[in-house]
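K.L.:
One structure is given below, represented as structure tokens, and several questions about it will come after.
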Amino acid sequence: MQRLLEGCSLLLACFIFTPAFGQQAARQNGGAADAIRNDQSSFLVRCELNHKTGSYREGDALSATVACEVDAYIYVLYQQADGKVVQIFPNRLQPNNKVSARQTVRIPARNDLFHWTIGPPFGKETLKVIASKRPLDELSNPEARKKLFPPVDGQAMKGIDLVLGERPPSEWEEDAVELYTYSKDAAPLEAHQRRVGVFFGVAHYEFNAEYEQAQLDAGVPADKVRALNLPSSHNNAKVLAGLLKEVGQLDEVRVFTNEQATRDKMHEMLTHWLPQHTRPGDTVIFFYSGHGIQIGDDTGDEPDHYDEVLNPYDQITGDVLVQLAKKRDQLDASQAARLETLRQLFVTVYQKTESGAQANEAVIRATGVSDDEFGQWLQHLDGRRIAIVFNGCHTGGFANNEKGVEGEGKSGGFDFLDGEISRLKDIGQRHCSLLTACTASQSSLVHRDREFSVLPYFLIEMLNKRDQGPINMTDAHSYCTRRMEDYFREMEARTSGRVPAHQPQLYTDRDEPIYLKP
């Protein structure tokens, strides 16, 4: 899909300079711990509870473990069911909150003489972790630290929210873990663990015509112009969703295809809808089918120096931006505002780097979903069992232990809080499995029947074998690997030539299998 700009003279000629564009962290109105959000950080911080389900009865002991990928000042806030917020770290017994990268902090510390036990009020509560490369004065009051758990009032929370909003998103990160508390006499929380699926499929792209015109303007012969549109990605999502609702026993399914499968919709589903409709212990299946591309790593965290990007329906490249600028008078108010925001971003990056390629990649990053960003969004689902299936080119690059490996990738675990914090690339979930259509260096193909892509074709074939028992992600990977190897051998024999075969990759939780079909 991607074609980097060789220069930006045309783009700059189409635009009039205005003040620089600055990305802000995604934040809601201040006043509550769970309102502080940052989906654009360059590193991860993680928090885990001693109860995996996040369910606590009155009198239970609660402890939390926190780790961060970089050296940072760590702050942990506890928002009670009644909305009151207290600071639990740093505290009187643990005053030092400057934590080295990958150092694990337990709250309360193992040698502390007190136990943090659950008491009233009861209900849904939140543990909010903030990691900042610079101290937060609002949470560093020496007098407050004389108390074990000093209160943080609404005004202070708004001040924290404001200060963080003014800092570059790359300088701080947050994590929020929800828990549920109830009295010793209350009935236990509902034992049923829900299974919810969200499916995205993009076959028709919003700016396909502009992408094709950009190639024509660049001198590409008409018969050599490549389209953005795909034959079967929407069908992959719809058919798999219906099949997994039936045989995968999904309690709820949401499907978004083509114009519904926007970047904002993906963000909404991962950071708002799924957290609201599931809870720790539930299973979430997330499926994406569409274009996947690689662009230059902008944070220095990728061993192969590339970021991978999922391309939603409304993906824009620098070439497309040029075409939109040419017909700005034809755009409605919403489109014009979007164009202006991206124009400012392009110009700002170009002025800073003097590189049209880097400015183009900034636009791609802002309108697509990078591996870093997907990982940030996925943090909102802490505690869930997550099965992710990516059908797109280069999607194996979403896994850290596949990076730099040619051909067949590695399978393995990814414990975030243990040892070196080897995350599933930018998907830092402990109970998570990722199945991809190919490695970071490969392209994924459409099946010869054109109705499905290759990986979804064999997933559907496997799930339609009704006599099979439970199917976990490892089972799915093994089946698809065998069938895809047979398929590509047959295709090579048919064509008497080299077919660009690709192999499915699996990166899975070694502690607990995650089931597509229970």
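K.L.:
Give the residue, chosen from Ala214, Ala187, Ala203, that is more than 22 Å from Leu339 (Cα to Cα), surrounded by 20 or more Cβ atoms within 10 Å (Cβ to Cβ) and of a type in the set (A, V, I, L, M, F, W, C).
P.N.:
Ala203
K.L.:
So, of the residues in the range 36-73 that are open to solvent by less than 10 Å² (accessible area, probe 1.4 Å) and aliphatic (A, V, I, L, M), which turns out to be farthest from Tyr180 (Cα to Cα)?
P.N.:
Going through the qualifying residues, I end up with Ala72.
K.L.:
Okay, next question. Can you list the strands (runs of 3 or more DSSP E) found entirely within the range 29-97 that contain at least 2 residues being over 29 Å from Asp185 (Cβ atoms) and modelled with pLDDT of 90 or more?
P.N.:
Values: elements: 45-49, 55-57, 64-68, 72-79, 85-89.
Fully inside the range 29-97 and qualifying: 64-68, 72-79, 85-89.
K.L.:
For the range 272-300, name all the residues that are farther than 17 Å from Val369 by Cβ, outside any loop (DSSP other than H, G, I, E, B) and open to solvent by less than 10 Å² (accessible area, probe 1.4 Å). Show your work before the answer.
P.N.:
First pass over the range 272-300, keeping only residues farther than 17 Å from Val369 by Cβ: 275-283, 285, 300.
Next, from what is left, pick out any that are outside any loop (DSSP other than H, G, I, E, B): 275-277, 283, 285.
Hit for the range 272-300 is Ile285, nothing else.
K.L.:
Here's something else I'd like to know. Enumerate the pairs (first residue in the range 356-369 and among the basic types (Lys, Arg); second residue anywhere and open to solvent by 10 Å² or more (accessible area, probe 1.4 Å) and outside any helix (DSSP H, G or I)) with beta-carbon separation below 8 Å, excluding pairs fewer than 6 apart on the same chain, so at least 6 apart or on different chains.
P.N.:
Sorted first by the residue in the range 356-369, then by its partner, the pairs are Arg365/Asp298.
K.L.:
Just name the residue that is most open to solvent (accessible area, probe 1.4 Å) out of those in the range 317-340 that are touching a helix residue (DSSP H, G or I) at 6+ places or on another chain (Cβ under 8 Å) and polar (S, T, N, Q). Let's see the steps before the verdict.
P.N.:
Here is the first cut: in the range 317-340, the ones touching a helix residue (DSSP H, G or I) at 6+ places or on another chain (Cβ under 8 Å) are 317-326, 328, 331, 335-336, 339.
Right, trim to polar (S, T, N, Q) and you get 317, 323, 335.
Numbers: Thr317: 4, Gln323: 21, Gln335: 76 Å².
So, considering only residues that are touching a helix residue (DSSP H, G or I) at 6+ places or on another chain (Cβ under 8 Å) and polar (S, T, N, Q), the one most open to solvent (accessible area, probe 1.4 Å) is Gln335.
K.L.:
Please specify each residue of the range 336-348 satisfying the condition of being more than 24 Å from the chain's Cα centre (by Cα) and of a type outside the set (Asp, Glu). Write out each step before concluding.
P.N.:
First pass over the range 336-348, keeping only residues more than 24 Å from the chain's Cα centre (by Cα): 336-337, 339-340, 343-344, 347-348.
Once the filter is applied, which keeps residues that are more than 24 Å from the chain's Cα centre (by Cα) and of a type outside the set (Asp, Glu), the range 336-348 yields Ala336, Ala337, Leu339, Arg343, Gln344, Val347, Thr348.
K.L.:
Quick check on my filter: what residues within the range 243-259 are farther than 15 Å from Val196 by Cβ and surrounded by 15 or more Cβ atoms within 10 Å (Cβ to Cβ)?
P.N.:
Leu243, Val247, Thr257, Asn258
K.L.:
Tell me, please, whether a residue that is part of a loop (DSSP other than H, G, I, E, B), more than 16 Å from the chain's Cα centre (by Cα), modelled with pLDDT under 95 and over 22 Å from Glu340 (Cα atoms) can be found in the range 315-327.
P.N.:
no
K.L.:
To continue, here is another question. If I filter the range 285-300 for residues that are of a type in the set (A, V, I, L, M, F, W, C) and modelled with pLDDT under 90, do I get at least one hit? Talk me through it step by step, then tell me what you get.
P.N.:
In the first step, residues of the range 285-300 are kept if they are of a type in the set (A, V, I, L, M, F, W, C); the result is 285-287, 293, 295.
From the residues that got through so far, the ones that are modelled with pLDDT under 90 too are 295.
Yes, because at least one residue in the range 285-300 is of a type in the set (A, V, I, L, M, F, W, C) and modelled with pLDDT under 90.
The values are calculated or read from the model by the stated rules, or taken from the named source; none is laboratory data. Only a predicted model underlies this, so the values are computations on that prediction, with no experimental measurement involved. Cβ: placed from backbone, ideal geometry, glycine included. Neighbour counts: every protein chain shown. What goes into the accessible areas is simple: the full protein's heavy atoms, side chains included, and nothing from ligands, DNA or RNA. Shrake-Rupley method; radii C 1.70, N 1.55, O 1.52, S 1.80 Å.
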